[in-house]
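Novice: Provided herewith is a single structure, encoded as structure tokens, for subsequent inquiry.
Read-outs: derived from the displayed coordinates by stated rules, not from any lab. This structure is a prediction, so every number in the text was calculated from the model and none was measured. Note: ideal-geometry Cβ built from the backbone for every residue, glycine included; neighbour counts use all protein chains shown.
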Amino acid sequence: MSTDLTLRGPERRRRERRQRAFVALAAAATFLPLAALAVLVGDVLVDGLGRLGWDFLTGFPSRHWDKAGILPALAGSAALMVLTAAFALPLGVGAAVYLEEYAEDTRLNRLIELNIANLAGVPSVIYGLLGLGVFVRALGLGRSLVAGAATLALLVLPIVILSAREALRTVPDSLREAALALGCTRHVTTWRVVLPQALPGVLTGAILAISRAIGETAPLVVVGALTYITFLPDGLDAPFTALPIQIFNWVGRPQKGFATDAAAAILVLLGTLLALNAGAILLRDRMERRRRP
Amino acid sequence: MSGGSLAEAIRGRSEPPRERLVRALILGAALLSVLTTAGIVAVLAGETVGFFREVGFAAFFLDTEWTPLFARARFGIWPLVAGTALTSAIALAVAVPVGVLAAIYLAEFAAPATRRFVKPALELLAGVPTVVYGYFALIFVTPLLQHLVPGLASFNALGAGIVMGLMIMPMVSSLGDDAIRAVPDALREGAMALGADRLTTVLRVVLPAARSGILAASILAVSRAIGETMIVTIAAGQQPRLTADPRVPVETMTAYIVQVSLGDTPAGSLAWRTIFAVAAMLFVSTLAMNLLGQRLARGARRQG
């Protein structure tokens, strides 16, 4: 007494057609943005590759687009990168260790967690105003390299904290228990046993945070990065520019030639980001291999 | 520290001084985040209060013109709100449908190998600096759209909005993918046992079950769009205008902040204070969206 429930004939064909059409549409929605990214990169390559050269990398800004270079912007971005990492890494990893290894489920700690989640969603331009109000004016650092880096450090701090917590959570409790059972104090356990295990994840997150920082434009504009600078920053209190600021400045000029300069500078920026991310992946692979020989 | 019994030591009550120092230092690092929020609120509130003392709420919320840098200054916020709403709406019109479709594809239909390749590739989109997207919107997308849309200005909400949608789409697809995958298989099996085909199962059973997660993703996308700065500054223009026409230049709240920061407005002047009042609006609206989105996302996880 079995009934054959299989659909046959036109109804089945109709349903199959419907499903195929939907899957094609959904696949298009998935791959179209990737195609757009390819077009973006292709467009920038076509516009800017011809302009890229030693003179461009080592030149100073100029009123003539074919004489302009990005050396001050490169130096500024490099300095910002180092300083931001120096501020954000110890603070971010420290906060993550506190929340994962020390904190109990108290109100204060729940407040800290909620707060970090919300900070991650604050628009970056608002961090610029924070930097302007606190670092540039209240602390009297002026429109300087160190004020810019401190602003970027606060901006990326949630990224460092969240990824470091992720990494700490992957360390098995048995390691902590073993260390404690051997008589290690809590901080010896944390710094000698847990953190080394979590290091690949922590570093990957740190590199992601730094990539975010060197691509930022708006907060630096608000803090007061200059757009036309004909010297290299010579100290923490020096005025500065950065690669995204230089790109923004060139994109905004009416003369067509400067768009070419902007495209070439974008290639340098994207190349740097790609190198950083590739570095992060390599680093993680290498460390994981060393850990599990 | 009176000797301290073993039990106390184990409970961690009598820590050696060095332990306490470390704990205090890293607690300080964690508290810095609270201090950051307090700093943002203090800076914005301080200058905004000063602004409203001089200008008044009525001139800010009831006027329809924004010309604070002109000799005859007007402080009606609505043109900036309209610019932000228009560019964000266009971005969402791109990011939400495309992102949700991609999420369905990745969660329900894509082969595991495709998924492994596509997910990180989409992350790349979110990692492109916004100034680069601004360049793309102004130099590539807008000229292309000018062939299709008559009367499209060089600076316009349409090109900026579309490119912003491209930037936000990975966030929607990633959170949407999580939400769809959190739907228990029992629901899918139940639907199929009742004779539903795969597509009907996805559209009628899985999607409704994942709706609060998808809604959360969309709300977080709104917040991201409102706060996005460089794409709209570069490609949407700097002309505050109360309009819903996507073809003409507009100015968003974020673009206004950048515009004033680039100029030589003296610190402490009324014109300078406007950027803090605008930023306060921006901060409150994005915070509200984020809190709502997080709440929905938490609810969705508990359900799943």
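Novice: How many Cβ atoms of partner chains, on average, are near each residue of B:285-292 if near means within 10 Å of its Cβ?
Specialist: Values: counts 1, 5, 4, 0, 1, 6, 4, 0.
Average per residue, whole number: 3.
Novice: Sticking with this one: Suppose only helical runs count, i.e. DSSP H with n ≥ 4. What mean residue ellipticity at 222 nm does that imply for chain A under -39500 (n - 2.57) per run, divided by all residues and rounded to the nearest 500 deg cm²/dmol? Write down the numbers at each step before the final one.
Specialist: Numbers: 11 runs with 199 residues, N = 293.
After summing the helix terms and dividing by the residues of chain A, the value is -23000 deg cm²/dmol.
Novice: Helix hunt in chain B: which complete DSSP H runs extend at least 18 Å axially by C-alpha with mean Kyte-Doolittle at least 0.0?
Specialist: Qualifying helices, which must be both long enough and hydrophobic enough, are B:17-55, B:78-104, B:112-127, B:157-181, B:211-227, B:270-303.
Novice: Please report the spacing between the Cα centers of the range B:227-304 and the range B:19-70 in Å, no decimals.
Specialist: Centre-to-centre (Cα) distance: 15 Å.
Novice: Just from its helices, what would the mean residue ellipticity at 222 nm be for chain B, if runs of 4 or more DSSP H residues each count -39500 (n - 2.57) and the sum is divided by every residue, rounded to the nearest 500 deg cm²/dmol? Don't jump to the answer; show the numbers that get you there.
Specialist: Working: 13 runs with 208 residues, N = 304.
Taken over chain B, the calculation gives -22500 deg cm²/dmol.
Novice: Treating only the Cβ of Lys, Arg, Asp and Glu as charged (+1, +1, -1, -1), what charge dipole size does the range A:9-51 show about its Cα centre? Round to the nearest 20 debye. List each step's numbers first, then the result.
Specialist: Details: 8 positive and 4 negative charges, 113 e Å.
That gives a dipole near 540 debye.
Novice: Take each uninterrupted DSSP H stretch in chain A, measure its Cα extent along the helix axis, and return the ones at 20 Å or beyond whose mean Kyte-Doolittle hydropathy is at least 1.6. The partial results should precede the final answer.
Specialist: Values: long enough: A:9-48 (57 Å, 0.29); A:71-97 (38 Å, 1.87); A:145-169 (35 Å, 1.72); A:195-215 (30 Å, 1.25); A:256-291 (53 Å, 0.55).
Passing helices, by number: A:71-97, A:145-169.
Novice: Calculate the spin-label point distance for B:Ala73 paired with A:Ala21, positioning each point 7 Å from the Cα along the beta-carbon direction, and give it in nanometres.
Specialist: 5.9
Novice: Let me ask something additional. Full extension from B:Ser154 to B:Ala121: what is 0.36 nm times the residue separation minus their Cα-Cα distance, to one decimal in nm?
Specialist: Details: separation 33, 0.36 × 33 = 11.88 nm, distance 3.06 nm.
That pair, B:Ser154 and B:Ala121, stretches by 8.8 nm at full extension.
Novice: How far is the Cα center of the range A:103-131 from the Cα center of the range A:134-169, in Å?
Specialist: 12
Novice: Which one, B:Ala221, B:Ala277, B:Ala30, has the greatest fluctuation when you compute a Gaussian network model over chain B with C-alpha springs under 10 angstrom?
Specialist: Greatest mean-square fluctuation among the candidates belongs to B:Ala30.
Novice: Compute the distance from the alpha-carbon center of the range A:43-57 to that of the range B:157-219, in whole Å.
Specialist: What the calculation gives is 41 Å, centre to centre.
Novice: Next up: Using the Kirkwood formula over every pair of different C-alpha atoms, what hydrodynamic radius in Å results for the range B:140-273? Don't skip to the end; give the middle numbers.
Specialist: Working: mean 1/r = 0.0558 Å⁻¹.
The Cα-based Kirkwood calculation yields 17.9 Å.
Novice: Could you order peptides B:169-180, B:279-290 by the average number of other Cβ atoms within 10 Å of their residues, highest first? Present the calculation step by step, with values, prior to reporting the outcome.
Specialist: Working: B:169-180: 24.4, B:279-290: 20.0.
The peptides rank, most packed first, as B:169-180, B:279-290.
Novice: In addition: Along the charge dipole of the protein assembly as shown, Cβ charges K/R +1 and D/E -1, which of A:Thr58, B:Phe109, B:Gly134 sits furthest on the positive end?
Specialist: B:Phe109
Novice: Could you give me the radius of gyration and the Dmax of chain A, taking only the C-alpha atoms into account and expressing both in angstrom?
Specialist: Rg and Dmax of chain A, Cα atoms, are 25.1, 90 Å.
Novice: Out of all Cα-Cα pairs in the range A:1-156, roughly what percent, to the nearest whole number, are more than 24 Å apart?
Specialist: On the way: 8138 of 12090 pairs.
Of all Cα-Cα pairs in the range A:1-156, 67 percent lie more than 24 Å apart.
Novice: Please list the three semi-axes, largest first and in whole Å, of the ellipsoid equivalent to chain B, using sqrt of 5 times the eigenvalues of its alpha carbon gyration tensor.
Specialist: Details: eigenvalues 298, 249, 59 Å².
Values for chain B, descending: 39, 35, 17 Å.
Novice: Would you be so kind as to identify which of A:Leu145, A:Pro233, A:Thr190 lies farthest towards the positive end of the dipole of chain A, taking Lys and Arg as +1 and Asp and Glu as -1 on Cβ and the Cα centre as origin?
Specialist: Highest projection toward the positive end goes to A:Thr190.
Novice: Mind checking B:133-142 for the average number of partner chain beta-carbons within 10 Å of each residue's beta-carbon? Mind dumping the intermediate values first?
Specialist: Values: counts 1, 7, 14, 8, 2, 4, 9, 8, 4, 0.
Mean shielding by partner chains, rounded to a whole number: 6.
Novice: For labels at A:Arg137 and B:Ala113 in the simple 7 Å Cα→Cβ model, what's the distance in nm?
Specialist: Going by the 7 Å Cα→Cβ label model, 5.9 nm.
Novice: Among B:Thr64, B:Thr37, which comes first, then next, by fewest other beta-carbon atoms within 10 Å? Show your work: numbers first, answer last.
Specialist: Working: B:Thr64 11, B:Thr37 18.
Ascending Cβ contact count within 10 Å gives the list B:Thr64, B:Thr37.
Novice: Residues of A:9-18, mean number of Cβ from any other protein chain within 10 Å of their own Cβ, rounded to a whole number? Provide the component values of the computation, followed by the final result.
Specialist: Details: counts 0, 0, 0, 1, 0, 0, 4, 2, 0, 3.
For peptide A:9-18, the averaged partner shielding equals 1.
Novice: Still on this structure, I have one more. With +1 on each Lys and Arg Cβ and -1 on each Asp and Glu Cβ, how big is the dipole of the protein assembly as shown about its Cα centre, in debye rounded to the nearest 20?
Specialist: Numbers: 53 positive and 39 negative charges, 261 e Å.
It works out to roughly 1260 debye.
Novice: Let me ask something else. What value does the range B:164-218 have for Rg/Rh, both radii from Cα atoms and Rh as Kirkwood defines it? Don't skip to the end; give the middle numbers.
Specialist: Numbers: Rg = 12.7 Å, Rh = 11.8 Å.
My calculation puts Rg/Rh at 1.07.
Novice: Any idea what the dipole of the range B:116-274 comes to, in debye rounded to 20, about its Cα centre with Lys/Arg Cβ at +1 and Asp/Glu Cβ at -1? Can you show the working numbers first?
Specialist: Details: 11 positive and 10 negative charges, 37 e Å.
So the magnitude is around 180 debye.
Novice: Rank B:Ala210, B:Val183, B:Val55 by how far each Cα sits towards the positive end of the charge dipole of chain B (+1 on Lys, Arg Cβ; -1 on Asp, Glu Cβ) and give me just the farthest.
Specialist: B:Val183
Novice: Okay, moving on. In nm, give the distance between the simple-model label positions of B:Phe52 and A:Asp237, each being 7 Å from the Cα along the Cα-to-Cβ direction.
Specialist: Output for this residue pair reads 3.8 nm.
Novice: Shifting gears a bit: Considering only B:Val232, B:Val258, B:Val222, give the residue with the highest GNM mean-square fluctuation for chain B, with springs between Cα atoms whenever their separation is below 10 Å.
Specialist: Largest GNM mean-square fluctuation: B:Val258.
Novice: Let me ask you something else. Among A:55-65, A:35-45, how do they line up by average Cβ neighbours within 10 Å per residue, starting with the highest?
Specialist: On the way: A:55-65: 14.3, A:35-45: 16.1.
Answer by packing, highest mean first, reads A:35-45, A:55-65.
Novice: Take the Cα atoms of the protein assembly as shown, build their convex hull, and give its volume per residue in Å³. Don't skip to the end; give the middle numbers.
Specialist: On the way: hull volume 127.2 nm³, N = 597.
Measuring per residue, one finds 213 Å³ for the Cα hull of the protein assembly as shown.
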